[in-house]
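Taken together, the values in this text are just the output of simple stated rules run on the coordinates, not laboratory data. All values reported here derive from a predicted model rather than from experimental measurement. Positions of Cβ are generated from backbone atoms using ideal geometry, with glycine treated the same way; all protein chains shown enter the neighbour counts.
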């Protein structure tokens, strides 16, 4: 009977993980793979404008040091809110989710049932019902919180094609300036597009080489902390991520603006690459290794008169 309860508990845990992570997308190993995080200044909580390269609304930024209503600050701590870090979050909803599911699992494991007197099949139904309710309530509250806290409404209007090209590799970037709100519109020229393309390749190369000094010259301190965390996880697992043959295939501007002493530009990029995870000791490929294509939105920022740095990545 005890073994049966363990099986029920494990099945419930698997169900909870599927519900919580169902929208997370593919867990790719490359720099920023499957990741939506960083800072876009006062537009951090607004959706970038759609483009021909990324015609659908981008995934919202999930990890950021930017507080709602404030521009990006690299040294700021993430504000605890309704949703925090970890599987269920560290805030109000995280406590509710962990409490509901934890109580149900412990009840089943020690013979008291989900609600103290139910067992067997009723326990499974009770747990699934509670998990479903927690997920639904979490999504509703998080959507309300975003609408209330966001300094700008989400902008997802179609980006008009201009016919201009600015890339050094066959004109892969399409031109045009965004008409999105918040901040003064910024003009992006060929030199800027060349810098974005170069950063795409250099960031992936530095991440593959696990070279934090090189990454420090190419990304904001906030993004450096996220990449450092990913590299530490790889090291603890005894693997290395190798990204090779990175080549921009298509790209265009979503938004470009200035605020304060900083400039920002969000660009949609579709690029080819070979992404593999390799065992650190033997060199054996344990995951990936086949050529593929990826579409992401990268946001770059620069201090007035400075060089562009990667400040956010969002999945298309």
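Under 8 Å for C-alpha pairs, at least 6 residues apart: give me the relative contact order for the range 197-316, rounded to a whole percent. Mind dumping the intermediate values first?
Numbers: 227 pairs, mean separation 27.3, N = 120.
It comes to 23 percent, rounded to a whole number.
How do 60-66, 228-234, 243-249 rank on mean C-beta neighbours within 10 Å, highest first? Working shown, then result.
On the way: 60-66: 20.3, 228-234: 14.1, 243-249: 16.3.
Taking the mean over residues of other Cβ atoms within 10 Å, the ranking is 60-66, 243-249, 228-234.
Can you give the FRET efficiency to the nearest 0.05 for residue 185 and residue 293, using r as the Cβ-Cβ distance and R₀ = 25 Å? Each step should come with its number before you reach the end.
Numbers: r = 31 Å, r/R0 = 1.23.
My answer for the efficiency is 0.25.
Neighbour counts of other C-beta atoms within 10 Å: give me 271, 300 arranged from fewest to most.
On the way: 271 21, 300 25.
Going from sparsest to densest Cβ surroundings: 271, 300.
Roughly how many whole Å is it from the C-alpha centroid of the range 285-310 to that of the range 202-244?
12
Taking other Cβ within 10 Å of each residue's Cβ, how do 43, 284 sort, fewest first? Walk me through the intermediate numbers first.
Working: 43 29, 284 9.
Taking fewest neighbouring Cβ atoms as first place, the list is 284, 43.
For a footprinting-style exposure proxy, rank 287, 293 by other Cβ within 10 Å, fewest first.
Values: 287 14, 293 11.
So the ranking, lowest neighbour count to highest, is 293, 287.
Residue 136 to residue 285: extension gain in nm, 0.36 nm per residue of separation minus the Cα-Cα distance?
Working: separation 149, 0.36 × 149 = 53.64 nm, distance 3.90 nm.
That pair, residue 136 and residue 285, stretches by 49.7 nm at full extension.
Could you calculate the contour length gain from residue 233 to residue 211, that is, 0.36 nm times the residue separation minus the distance between their Cα atoms, to one decimal place in nm? Numbers along the way, then the final one.
Numbers: separation 22, 0.36 × 22 = 7.92 nm, distance 1.50 nm.
Computed gain between residue 233 and residue 211 is 6.4 nm.
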